[in-house]
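Heads up: the structure comes next, in structure tokens.
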Amino acid sequence: MIINDKQIESLLAGAAKSGPSLVADILAKARETKGLTPAETAVLLQCEDKGLIQQILQAAKHVKEEIYGKRLVLFAPLYVTNECINNCLYCGFRKDNTSLTRKTLSLDELAEEVTILEDMGHKRILMVFGEHPRHSNIDFIEKSIARAYATKSKKGEMRRINVNLAPLSLEDFKRLKAAKIGTYQAFQETYHRETYKYLHPSGKKADYDWRVTAFDRAQQAGIDDIGAGVLFGLYDYKFEVLALQYHSMHLEKEYGSGPHTISVPRLEPALNAPAANCPPHPVSDEEFKKLVAIIRLAVPYTGMILSTREAPALRDELVGLGISQLSAGSRTYPGGYKDQLAHVEVEEQFQIEDTRPLDQVIYDLCKIGYIPSFCTACYRLGRTGENFMGFAKTGFIRNFCTPNALLTFKEYLLDYALPATRELGERVFKEHLDKLPENIREKTLAKCRELEAGERDRYF
Ligand code: SAM
Ligand code: SF4
């Protein structure tokens, strides 16, 4: 059994009795980037003392900085279809929402959306599909991915396409692998069986086990780069964080590496979605910061993704606590980017809190000392799955990822930045370049000169 509800509940009950004295020891271990056992994670989750929670946040900041440095990877979602046979009570795309305008992008419309994203400066997209036998079958998914990779605008191109779609059969996962996806992402939504059952009353998604075993089939099909997640607000966040950790341990034991990323979406209001408009287990901002910090400590080498569901000021705080990838400039319905250019407003999948354009997000990240990164090197060099974790755990992220982040940031500054962002960005670029060890700085500078001379896509 991948997730054992009783085991998680009993760990949480035990940790509630253990008191706060253990927290200091656990944090000392966590600061050494060694990760946590589920029992240790449970103690941190049960900690409600404000002073101790501050210490948890401080430890997470230390681990984040130690492993990831100051880079932050940026991407955009691309919604391909909002047709769906399921009836998830929290989602605006649910079958029973008859007020929603249904739309599936044609391949030409998809290329238009990709072009707009490339013209903003994006190099990495997450293609999102509702679940529908006609509108999102594997033939269509393959064609969509191929078309997106083939679409190039000016100096832009998509170098990595991740997908968020319903679990597939082993055979279909093999085809998805052959389509050259980066990450296969699917959220369990809630790991709590009873809650899951209630929230997914019909359609294919009603089958908890089919969903929780999706990553096993993906791995067996050769997809070793997977993205897990929970939709926070559906059930007790403490249970969900432990379940994520158990899922991760299962994958590590069976296939040599846990998920490449964990996403932390939080419920947002959505049209005709009763569970979204009245969350069963609302997670406050303070709890959200705490849970992000605890995930960072529990699985330090797993990337963490935050979307535009969260407001800018909170996003700034969360990147310090553990988030390593951010979506930016997002629209959450098919055709949303074209509509935005035409100033047309259509109902999104859920309400977005961060509506800043990509350039503004980049400017704001520079202001707080981060290097916005569009790097896709590891995926293209085969540094994924078990392979990637091996690299990551030997300090590779800092020595290779920072130069690669700087090189892709330089491309952005040369090709897309507005004047104020270019000016600030060049300063931030130089500041971080100067901090690199001399030999790496020289090599990075050499590649940088190639970019300035008109070459593109330089990486280590
Ligand atoms: N249909 C696929 C599936 O369910 O796996 C993928 C597409 S679905 C649009 C992507 C994710 O959106 C879901 O996994 C869910 O976590 C998230 N989502 C749905 N409703 C939401 C809401 N009201 N607020 C925030 N996120 C939501
Ligand atoms: Fe469909 Fe996914 Fe929305 Fe559920 S979450 S209704 S499966 S698009």
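What accessible area per residue, rounded to a whole number of Å², is obtained for segment 391-452 using a probe radius of 1.4 Å?
Numbers: 3090 Å² over 62 residues.
On a per-residue basis, segment 391-452 sits at 50 Å².
Isolated cysteines of the chain, defined as having no other cysteine beta carbon under 4.7 Å away, are CYS47, CYS84, CYS278, CYS366, CYS375, CYS378, CYS401, CYS448.
Placing +1 on the Cβ of every Lys and Arg and -1 on the Cβ of every Asp and Glu, with no other charges, gives segment 232-337 a dipole of roughly 140 debye about its Cα centre.
Heavy-atom accessible surface of segment 68-355, averaged per residue, reaches 34 Å², computed with a 1.4 Å probe.
What aspartates and glutamates does LYS95 reach when the alpha-carbon gap must be under 16 Å and sequence neighbours fewer than 8 apart in one chain are set aside? Cross-link targets: GLU83, GLU131, GLU347, GLU348.
What length, rounded to one decimal in nm, is gained on full extension from LYS204 through to ARG31, with 0.36 nm per residue of separation minus their alpha-carbon distance? Let's see the in-between values first.
Numbers: separation 173, 0.36 × 173 = 62.28 nm, distance 4.20 nm.
Working it through step by step, the gained length comes to 58.1 nm.
Where does each of LYS70, LYS253 land when they are ordered by accessible area, with a 1.4 Å probe and the largest first?
I get LYS253, LYS70, largest accessible area first.
Mind checking the dipole of the chain: about its Cα centre, +1 per Lys or Arg Cβ, -1 per Asp or Glu Cβ, Debye to the nearest 20? Intermediate values should be presented prior to the final figure.
On the way: 61 positive and 62 negative charges, 197 e Å.
Computed charge dipole of the chain: roughly 940 debye.
Annotation: amide H of ARG266 within the under-5 Å range of PHE232, sequence separation 5 or more or interchain, hydrogens built in the peptide plane. Shape class for segment 148-192, computed from the alpha carbon gyration tensor (a ≥ b ≥ c): oblate, with a/c not under 1.5 and a/b at or below b/c.
In this structure, the residue pairs whose Cα-Cα separation is over 24 Å, taken from LYS61/LYS435; LYS17/LYS197; LYS70/LYS289, are LYS17/LYS197. Counting protein heavy atoms only, the chain has 53 percent of its accessible area on carbon and sulfur, 1.4 angstrom probe. Given +1 at the Cβ of Lys and Arg, -1 at the Cβ of Asp and Glu and no other charges, the dipole of segment 90-196 around its Cα centre is 360 debye to the nearest 20. Separation of segment 1-60 from segment 294-322 is 18 Å, based on Cα centroids.
Cα centroid distance between segment 425-447 and segment 114-191, in Å? The distance from the Cα centre of segment 425-447 to that of segment 114-191 comes to 33 Å.
A simple spin-label model places pseudo-atoms 7 Å from Cα toward Cβ; at LEU414 and GLU109 they are separated by 3.6 nm.
Near the amide H of MET127, within less than 5 Å, lie the amide hydrogens of LEU78, ASN162, VAL163, ASN164, all on another chain or at least 5 residues away, with H placed in the peptide plane.
Extension gain ASN277-LYS197, at 0.36 nm per residue separation less the Cα-Cα distance, in nm? Could the numbers behind the result be given before it?
On the way: separation 80, 0.36 × 80 = 28.80 nm, distance 1.87 nm.
Full-extension gain reported as 26.9 nm.
Just from its helices, what would the mean residue ellipticity at 222 nm be for the chain, if runs of 4 or more DSSP H residues each count -39500 (n - 2.57) and the sum is divided by every residue, rounded to the nearest 500 deg cm²/dmol? Show your work: numbers first, answer last.
Details: 21 runs with 226 residues, N = 460.
So the calculated ellipticity at 222 nm is -15000 deg cm²/dmol.
Directionally averaged projected area (the chain, Cα convex hull): 20.1 nm².
The values are calculated or read from the model by the stated rules, or taken from the named source; none is laboratory data. Everything numeric here is computed off the predicted structure, so don't read it as measured data. Here Cβ is always computed from backbone atoms with ideal geometry, including for glycine, and neighbour counts include all displayed protein chains. Note: accessible area is taken over every heavy atom of the protein model, side chains too, but ligands, DNA and RNA are not part of it. Shrake-Rupley method; radii C 1.70, N 1.55, O 1.52, S 1.80 Å.
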